[in-house]
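Chemist: My questions all concern the structure below.
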Amino acid sequence: MEESDPPFVEFYKNLFDNQEASKKNDIVFDDVEEWEVPMIDLSRLHQGGWEGADCKREIAEASQKWGFFQVINHGVSSDILEKMRCEQMKVFKKTFHDKANNHRNLNFLAGSYRWGTPSATCLRQLAWSEAFHVPLTDISSMGGLTSLSTTMDQFATMVSNLAENLAEILAEQLGHNSDFFKENCGPSTCYLRMNRYPPCPISSQVFGLMPHTDSDFLTILHQDQIGGLQLVKDGKWIAVKPNKDALIINIGDLFQAWSNDVYKSVEHRVVANKQTERFSTAYFFCPSYDTVIQSCFENSIYRRFSFREFRQQVQDDVKRLGYKIGLPRVIKIQSNIQSYRHIASAPKAVDYS
């Protein structure tokens, strides 16, 4: 097998040797049908009246039934989206040595660059991808007004506004205080993740990113036209059809807990592509670590917990078990534990949000 960048084959040699020794050729996913995820035109919000109200209702409905939706006329300029794509492509074209030592060579802080799955014990757990994880507060520390830092800052400003607006709409549709997000989810707590999924010669045996849910309130994703994002709908995996004009929004664990299971944090994954690399940029809308998450309704399914506690539990589970458990850890009502047991027993990817 040819060497790759990052050096998956060399670094995870034991996993490949074990796979060959056991003579397994497991297919980790089946061919799935491509669906159109709900598409919402946000320009209708500015029209007011029944049109604006109907748009808000559609946002809430998609968050309940899908946990995912797409938005167009979202306020993030196409120029910025294209610049963001070009800038991250340039970064990922650097040598692995430069990327792995990015705090010296690329003006990112140490620890920003991540690749593969350090905790993987078999090929099924190996994520064939690389990423730069950048808190918004670190963008200003990237060594001056470089083209990359300027573009990242513009992109982050636009998607931050979008995330806050969507969160406020979702809160209002539940009849609850929308100021919670303005007060707790500032730029100092959110981050960007630039992703690259290299061509994968064993694309039937590994994921680009393993099945997982996000641990934030909302995730906003800008992807290219290659495709590969899949999510669970009605108990089966479906592929998300790319749309060059749309941003993809998905609900995270915190919003599911805050909404008392009205809005759904849905399992999703990225499949590997044998011939073509894929790029995406994700924005994670997170609160401060001290923020207490509690249901906006009485008779909550979940106990009160801080974001710090939840993140630490996720990290501990991944380190100890190799996968994330997530929301079942904070179930309060005993009768709900059984319904979540299948979630806790199903391996999830290392969670990046």
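The values are calculated or read from the model by the stated rules, or taken from the named source; none is laboratory data. Here the structure is a predicted model, which means the values were calculated and not measured. Cβ placement follows ideal geometry from the backbone for every residue including glycine, while neighbour counts extend to all protein chains displayed.
Chemist: Within region 296-310, can one find any residue that is hydroxyl-bearing (Ser, Thr, Tyr), within 30 Å of Thr157 (Cα to Cα), more than 22 Å from the chain's Cα centre (by Cα) and buried (at least 18 other Cβ atoms within 10 Å of the Cβ)? Reasoning before the result, please.
Modeler: Going residue by residue through region 296-310, those that are hydroxyl-bearing (Ser, Thr, Tyr) are 300, 302, 306.
This time we only want the ones that are within 30 Å of Thr157 (Cα to Cα), so: 306.
Checking which are more than 22 Å from the chain's Cα centre (by Cα) leaves us with none.
Scanning region 296-310, I find no residue that is hydroxyl-bearing (Ser, Thr, Tyr), within 30 Å of Thr157 (Cα to Cα), more than 22 Å from the chain's Cα centre (by Cα) and buried (at least 18 other Cβ atoms within 10 Å of the Cβ), so the answer is no.
Chemist: While we're looking at this one, here's another question. Right, Gly175: of a type outside the set (Asp, Glu), part of a strand (DSSP E or B), in contact with a Cys (Cβ under 9 Å, 6 or more places away or on another chain) and over 20 Å from Val159 (Cβ atoms) or not?
Modeler: no
Chemist: Taking Asn184, is it surrounded by fewer than 23 Cβ atoms within 10 Å (Cβ to Cβ), in contact with a Pro (Cβ under 6 Å, 6 or more places away or on another chain) and within 27 Å of Tyr302 (Cβ to Cβ)?
Modeler: yes
Chemist: Taking the conditions exactly as written (under 26 Å from Val206 (Cα atoms) and either β-branched (Val, Ile, Thr) or not in a helix (DSSP H, G or I) (or both)), does His97 satisfy them or not?
Modeler: Considered against the rule, which asks whether it is under 26 Å from Val206 (Cα atoms) and either β-branched (Val, Ile, Thr) or not in a helix (DSSP H, G or I) (or both), His97 comes out as no.
Chemist: Since Met194 meets every condition but one in (1) under 27 Å from Arg329 (Cβ atoms); (2) buried (at least 22 other Cβ atoms within 10 Å of the Cβ), which condition does it not meet?
Modeler: Every condition holds for Met194 apart from (1).
Matching residues to (1) more than 29 Å from Phe297 (Cα to Cα); (2) modelled with pLDDT under 95; (3) more than 17 Å from the chain's Cα centre (by Cα); (4) among the hydrophobic types (A, V, I, L, M, F, W, C):
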site	(1), (2), (3), (4)
Ile202	yes, yes, yes, yes
Asp216	no, no, no, no
Ile238	yes, no, no, yes
Asp261	no, no, yes, no
Ala272	yes, yes, no, yes
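Chemist: Residue by residue through region 285-295, note down the ones that are in a loop (DSSP other than H, G, I, E, B) and either surrounded by 13 or more Cβ atoms within 10 Å (Cβ to Cβ) or under 18 Å from the mean Cα position of the chain (by Cα) (or both).
Modeler: Residues satisfying the conditions are Cys286, Pro287, Ser288, Tyr289, Thr291, Gln294, Ser295.
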